[in-house]
Amino acid sequence: MRPLDETETSAVFEKLFKFVGNNLKNIVENPSHEGPDSNPGRYCFRLHKNKIFYTSDSLVKRATNVARTNLVSLGTCIGKYTHGGNFHLTIQALNLLAANAKHKVWLKPQSEMSFLYGNHVLKSALGRITENIAPGDGVVVFSMADVPLGFGIAAKSTQDCRKLDPNGIVVLHQGDIGEYLRMEDEL
């Protein structure tokens with residue numbers, strides 16, 4: 001378990017910024033009320049076995065008593081580095097993204113299962129969409145009851161979605177809560 005170096009930090013922040021925009025400041029400066037200290041600490045990012053964890057400083061200090069080989073997880077795993085050196089967000093980051101999301105998409109109830117099986121979001125599945133989405137922006141996908149279902153990348157802008165045919169892809173799937181069942185051995 002170690003702090004991120006400069007290139008790792010920039011890769012993580014670039015990916016998070018794609019989804020949360022200027023709300024990244026809220027993630028970085030979020031006060032932590034864990035531990036015995038009366039004054040709140042901060043949350044930080046740590047690297048352990050190619051996985052990035054979002055955890056409180058007090059928890060990191062207490063984890064120094066555990067040998068690195070015995071440490072399995074610490075805090076919330078928000079992503080991992082691939083063998084090629086690319087950073088990918090994992091589904092465990094959904095709560096962090098949903099609380100600070102800049103762009104959101106809501107799905108109709110009959111289309112939720114299709115997304116949870118790993119399919120892209122079609123125009124016919126859209127219930128609502130936030131304004132000013134550009135192609136390539138990070139989007140958090142919600143049910144109509146405001147339950148976060150997953151996240152993806154916008155394939156079309158908000159303006160283009162209005163003119164799109166019903167079978168056109170609006171959001172490219174990246175992660176959904178169905179992964180907890182489909183990939184439980186890897187998580």
Q.
For the condition in contact with a Pro (Cβ under 9 Å, 6 or more places away or on another chain), of a type in the set (Phe, Trp, Tyr) and modelled with pLDDT of 90 or more, what is the one hit in 87, 53, 45, 17?
A. 45
Q. Residue 145: in a loop (DSSP other than H, G, I, E, B), of a type outside the set (Lys, Arg) and either open to solvent by less than 30 Å² (accessible area, probe 1.4 Å) or more than 26 Å from residue 12 (Cβ to Cβ) (or both), yes or no?
A. yes
Q: Can you tell me which residue within the stretch 104-116, out of those that are closer than 12 Å to residue 176 by Cα and over 18 Å from the mean Cα position of the chain (by Cα), is surrounded by the fewest Cβ atoms within 10 Å (Cβ to Cβ)?
A: 113
Q) Among all residue pairs at least 6 apart or on different chains, which show Cβ distances below 6 Å where the first residue, located in the stretch 174-187, is assigned to a strand (DSSP E or B) and the second is surrounded by 11 or more Cβ atoms within 10 Å (Cβ to Cβ) and of a type in the set (Gly, Ala, Ser)? A) 174/152; 175/150; 176/150
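Conditions (1) in contact with a strand residue (DSSP E or B) (Cβ under 7 Å, 6 or more places away or on another chain); (2) surrounded by 14 or more Cβ atoms within 10 Å (Cβ to Cβ); (3) small (Gly, Ala, Ser), marked per residue:
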position: 123; (1), (2), (3): yes, yes, no
position: 128; (1), (2), (3): yes, no, no
position: 132; (1), (2), (3): no, no, no
position: 137; (1), (2), (3): yes, yes, no
position: 141; (1), (2), (3): yes, yes, no
position: 153; (1), (2), (3): yes, yes, no
position: 163; (1), (2), (3): no, no, no
position: 174; (1), (2), (3): yes, yes, no
Q) If the Cβ limit is 6 Å and pairs must be 6+ apart or interchain, which residue in the stretch 56-73 that is closer than 12 Å to residue 41 by Cβ pairs with which residue that is polar (S, T, N, Q) and outside any loop (DSSP other than H, G, I, E, B)? A) 56/32
Q: Scan the stretch 91-120 residue by residue and report those that are in contact with a helix residue (DSSP H, G or I) (Cβ under 6 Å, 6 or more places away or on another chain) and touching a residue at least 40 places away in the same chain (Cβ under 8 Å).
A: 91, 97, 100, 102, 107
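The values are calculated or read from the model by the stated rules, or taken from the named source; none is laboratory data. In this text, all values refer to a predicted model and were calculated from it rather than measured experimentally. Don't worry about glycine lacking a Cβ; one is built from the backbone with ideal geometry, like all the others, and counts go over all protein chains shown. The accessibility values were calculated without ligands, DNA or RNA, using every heavy atom of the protein model including side chains. Shrake-Rupley method; radii C 1.70, N 1.55, O 1.52, S 1.80 Å.
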